[in-house]
1. So if R0 is 60 Å, what FRET efficiency would A:L146 and D:A190 give, r being the distance between their Cβ atoms, rounded to the nearest 0.05?
2. Do you know which residues of the range B:239-259 lose at least 40 square angstrom of accessible area in the protein assembly compared with their chain on its own, with a 1.4 angstrom probe?
3. Aspartates and glutamates within cross-link reach of D:K274: Cα-Cα under 17 Å, excluding same-chain residues under 8 positions apart?
4. Inter-copy label distances at B:D257, 7 Å along the Cα→beta-carbon direction, one decimal in nm, shortest first?
5. Pick out, in residue order, every one of the GluC sites (Glu not before Pro) in the range C:269-360 that is DSSP loop and has at most 16 other C-beta atoms within 10 Å; say none if there are none.
6. Just order A:223-230, A:173-180 by mean Cβ neighbour count inside 10 Å, highest at the front, would you?
7. Amide H to amide H, which residues 5 or more places from B:F71 or on other chains are under 5 Å from it, using H placed in the peptide plane?
8. Could you tell me which of rounded, prolate or oblate describes the range C:106-166, using a ≥ b ≥ c as the square roots of the eigenvalues of the alpha-carbon gyration tensor, with rounded for a/c under 1.5 and, failing that, prolate when a/b is larger than b/c and oblate otherwise?
Protein chains: 4
Amino acid sequence: MGMTWGKNIKLSIFGESHGKAIGIIVDGLPPGMELNLDLISEELNRRAPGKNDFSTTRKESEKFEILSGFFAGRTTGTPLAAVIYNENQQSREYEKIRHLIRPGHADYPGYVKYQGFNDYRGGGHFSGRLTAPLVFAGACAKQLLLEENIWVASYIKSIGEIEERDIDLAYPDSELLLHVRKKEFPAIFAETAEMMKGAIQKAREDQDSVGGVVETVVGNVPPGIGDPFFNSMESSLAQIIFSIPGVKGLEFGSGFDVTRMKGSQANDCYYLKKNEIKTRSNHNGGILGGITNGMPLVFRTAFKPTASIGKAQSTVNLEKMSETVLQIKGRHDPCIVPRAVPVVEAAAALVLLDLIIDNR
Amino acid sequence: MGMTWGKNIKLSIFGESHGKAIGIIVDGLPPGMELNLDLISEELNRRAPGKNDFSTTRKESEKFEILSGFFAGRTTGTPLAAVIYNENQQSREYEKIRHLIRPGHADYPGYVKYQGFNDYRGGGHFSGRLTAPLVFAGACAKQLLLEENIWVASYIKSIGEIEERDIDLAYPDSELLLHVRKKEFPAIFAETAEMMKGAIQKAREDQDSVGGVVETVVGNVPPGIGDPFFNSMESSLAQIIFSIPGVKGLEFGSGFDVTRMKGSQANDCYYLKKNEIKTRSNHNGGILGGITNGMPLVFRTAFKPTASIGKAQSTVNLEKMSETVLQIKGRHDPCIVPRAVPVVEAAAALVLLDLIIDNR
Amino acid sequence: MGMTWGKNIKLSIFGESHGKAIGIIVDGLPPGMELNLDLISEELNRRAPGKNDFSTTRKESEKFEILSGFFAGRTTGTPLAAVIYNENQQSREYEKIRHLIRPGHADYPGYVKYQGFNDYRGGGHFSGRLTAPLVFAGACAKQLLLEENIWVASYIKSIGEIEERDIDLAYPDSELLLHVRKKEFPAIFAETAEMMKGAIQKAREDQDSVGGVVETVVGNVPPGIGDPFFNSMESSLAQIIFSIPGVKGLEFGSGFDVTRMKGSQANDCYYLKKNEIKTRSNHNGGILGGITNGMPLVFRTAFKPTASIGKAQSTVNLEKMSETVLQIKGRHDPCIVPRAVPVVEAAAALVLLDLIIDNR
Amino acid sequence: MGMTWGKNIKLSIFGESHGKAIGIIVDGLPPGMELNLDLISEELNRRAPGKNDFSTTRKESEKFEILSGFFAGRTTGTPLAAVIYNENQQSREYEKIRHLIRPGHADYPGYVKYQGFNDYRGGGHFSGRLTAPLVFAGACAKQLLLEENIWVASYIKSIGEIEERDIDLAYPDSELLLHVRKKEFPAIFAETAEMMKGAIQKAREDQDSVGGVVETVVGNVPPGIGDPFFNSMESSLAQIIFSIPGVKGLEFGSGFDVTRMKGSQANDCYYLKKNEIKTRSNHNGGILGGITNGMPLVFRTAFKPTASIGKAQSTVNLEKMSETVLQIKGRHDPCIVPRAVPVVEAAAALVLLDLIIDNR
């Protein structure tokens, strides 16, 4: 039971990859909001499959249907429910290998937890496809945040060994960062982007996959948002970020690097900038004691390589309880990171909005 | 509002560093449990101040008093409330610098959030002291986990640049790891421990501080625990881990390193070990799709250097809204990491127990 | 924001009376359950409009579609989502009177709360139609309860002044009570049923409406279910029962009558019945200290007369802020009580199941 | 597990009647609030034992100690924790009868739920004494409500058969109602009060007890507060009201009486009063569709007779599993209703505040 989230903006997600539909209920949006449906489509398309085919512009369009909470072009203030129907699901391949638990996937723990009754096709409820509803909700949240001038930008920080050079995270260039969302491949600088694409292409050719890191910056966050302890800004972001399939690490500000600093380096010293309290550096990623300090929120999310690969892997046949070799056929996405960028953005937007409402 | 946590084991924490008392209510413990009060004391003492004075054995004893939920030597099943009284609080020093927001501390965001009314003495509600109640609750949780043969071991993985060598995290040596809790300085190997102590001693001499990483292993976790999405094992652990003051990063299994692997390396392949399904490696840290897979749970927590340092730091005087220099007097703990070890253990134990109950 | 409910069985409801669809997500059902879809349809039909046309058997069939959580004829253990599409919604009449707030309806408070943006057609989100998803979830819950031999029976206790005679609520006749669900008009005894129908018919002829009381008995409830204080059995039932549109009162056991008793009458004395502890009377309705005592759970729910009546009523035109007279055209259901019977049953089943799971 | 409550104002209650202390954590109070400690004491004293001794003014003073969240005379905004120590607990009598389950008490369900480990002395965790922390929290809530001119008044509506005459609940006389809190016996009119006291005195002489009804009116509630469905105003009030020991019924507005009305009577018709929308009658108790309509909130709470009586009662000896007769010695409070009045007021204030914050 883990499909509900939030205090002031409440989400309930449902669906399986190869079932009839996936969907979401978003409760807590203010009434009278003119939902930008085009923006929602745009966000869903950023996440849609086909992003790693750089030679082609083919993109599956993710069509959503709003079932409730939207009337005469505006939100009603009552629960907004949306579904995205699943189309063209080919399930035969999954039938064949259903007893072979795929390494790196949730097949085995899912089998144990659900006693073999869960929908195994395409990862079922564990599928990355379940992040589409999150993107839908995030698009609504972003729209509300923008009314308060708060922007959220995620981009690829690294793919495998290829790492983007560091940018100024205390005073980031918002134009540079927000421009990323317009790109086919969501990295900041063109030259690194090419190298990253190369690494992904290489993994595809090897029937293998590659992981990466997404960096996120949230600008114009007011100070004083978040709570000490269990609802700290970090705790709240972490809960939702770690619910995204494939995430294995999360760090704020200088993160793991800060452990190697001295306090005198890591402490972001205060000064007055046009009579506003600011810090010169941003090693704490805009958060102190779980509460925002008025600097940009900065965090990095580590994604493991896609579990589905074409290479042969040793595994166990659950039915026969025997060791065997699995080779997954078909076309695999060799890197989930580009498509994960809008998902992380959505998650960040939802948390920010939820905590900002809490602070009113 | 962030002081309650949990679904089946519910915690409510309260207190300020220099107030009358700090405490906790633990709701959801089973009735009839013979609480091991000595174990609780032992755990509290592992977290108590004075741990970095390796020349002396002085340790402040943390005395707790149980107010309810405990009758005739056993838990009653109703809320267990415990308080730890604050003693010898010297508040004068804090009075003097109260308008100078300490870099790296929650002073400024706390001031904004609480409009200047929060107790500023010793960090108030943001103090690391608030982790003592967590350790109390964690000691109860550990006792219950041990009944199911589940053990939790945390230890220092690194202090500043000094890093412990890697151990086998797929098939860890439980004796080696559990022995750490008996040590004055909670690191695995003596030689690295000495170097780490040296780094801390050096920071103290420099009136500075140093950060580090705590590694945690949980053994004998049954498969099938946790939920997809918002209550995933990673999400649940992350929420509580990031509520610990000073935490800036968290990674599971191979964490950020896994982003640099190929899928064929990162996927932990299955095999049969005495007819049980196991994986050969443990890059996923015992969790797939948010659910345990029967391998040891492994995660690392990044702590920033203690914010309180003796060195002069530039800051702002909130009252005068002018820039100034702050020099914090008194004796500072140059490294919070050794004392954080039992706190991380407690947090892990509480999450495990909460999710295991959920799965019954 | 009030559309989510539950701890172990979690519900999220959405929809408006005249929108595209209403629906529900039920999270927490065990995997592998063969849902009895016919039973679900049967329950939905008990609640469907047309129940007060005793001369005809016309009943709108409530068709539901399961979108997720159901695979190969069984629940998967992941969220079960179901929608019921709205058909033949005639909205023109509502357009005409949209500025006239209907007395007894939620029009005015809804207008204030949602700043005029809520869907006003047919009560929108406030419509009794929103109880259909609850009935869907309740049907699933009942199926699980029956596996533990627990039955839930609701029936009409009174319509207006017509009151059914009292039955033995300490040792109720389960056959008699469970037979009610087979009846077109859910009252226990035929003669009273006729009088009740007459009262409803009279109200219809007068273009008026009439209220009533639903009595509910739950049999074979084990002792020890529920919690002291905020999650008491009464609190938990009350929260969901008072969410049903039109409910204005709730009492357990002898309820308001018990206030006129002496303690020596009201205290249900214990005795041994085949070595089981039972009470001779059941004035406490099977609950003491918020926890079940092994006697049948008994409660009564008071429904006000349907707010929609044909008679002229004085009201206010919100747009013009002037007093006026409202006459609502069309065919009104003069009594919601018969259709509310399966809703109350569903609510009771859901609470029981949620608390029973909690107690495992 | 039922000791936490609330969304924006969060309560966690702990304690047993004869343990060291009872207490509460209140999270969510705004920072900077000058708590009126005298008012808190006054409220606690209204609930304290000794209220039915009309011949004497003996009242146990309920001393509370604030442990956190209160600094320099004001709330800090962090959790406010308060304890009330238990004094002079005589436990010997309870030892003697511990195996005899007292009829009407939670002894038996508590024994089953907690497997015999709960503190049985004086009702333990089930004791009415646990409402004192609620009164503490309610006193804080009332203070905040008064800042918005919202008042809460509860008073005795009936004791046994003695019923107070009805007052105008659409336009109640606030002075009359608020004056009740100054009285030793919280009934509106002196003549009825005398009769009620007589009924209580009679019950005492008979070694018996008597129940009653508390009526509550909340004035100046703005329209638009509450939510449809699960967090409706009725649902929210009901959850907390039914957690008060001894409550067996709750009705809003005309409650059970409204079931005997026609819609044309029950519908509260709108009119304009000084350009404000009001209703002429208040059969709906100020709530429509779960949301306040700007009329006074009105509800009645039914309390059963005190379970502790001196009369002999048949019961079962749990240890011997044999039938027996129980005669409880000592001085019993023959009517809990007068002392319950401030508890109901507190509960109402807490719900109002929680939902008002939600609506901001």
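1. 0.45
2. B:Q239, B:F242, B:S243, B:K248, B:F256, B:V258, B:T259
3. Correct list for D:K274: C:E319, C:E323.
4. B:D257 label point versus its equivalents elsewhere: 2.0, 7.3, 7.5 nm.
5. For GluC sites (Glu not before Pro) across the range C:269-360 that sit outside H, G, I, E and B with at most 16 neighbouring Cβ atoms in 10 Å, the list reads C:E319.
6. A:223-230, A:173-180
7. Counting only residues 5 or more places away or on other chains, the set is B:T76.
8. oblate
The values are calculated or read from the model by the stated rules, or taken from the named source; none is laboratory data. Note that the coordinates shown come from a computational prediction; the quantities given were computed from them, not determined experimentally. Backbone-built Cβ (ideal geometry, glycine too); neighbour counts: all protein chains shown. The area values use the complete protein model at the heavy-atom level, side chains included, leaving out ligands, DNA and RNA. Shrake-Rupley method; radii C 1.70, N 1.55, O 1.52, S 1.80 Å.
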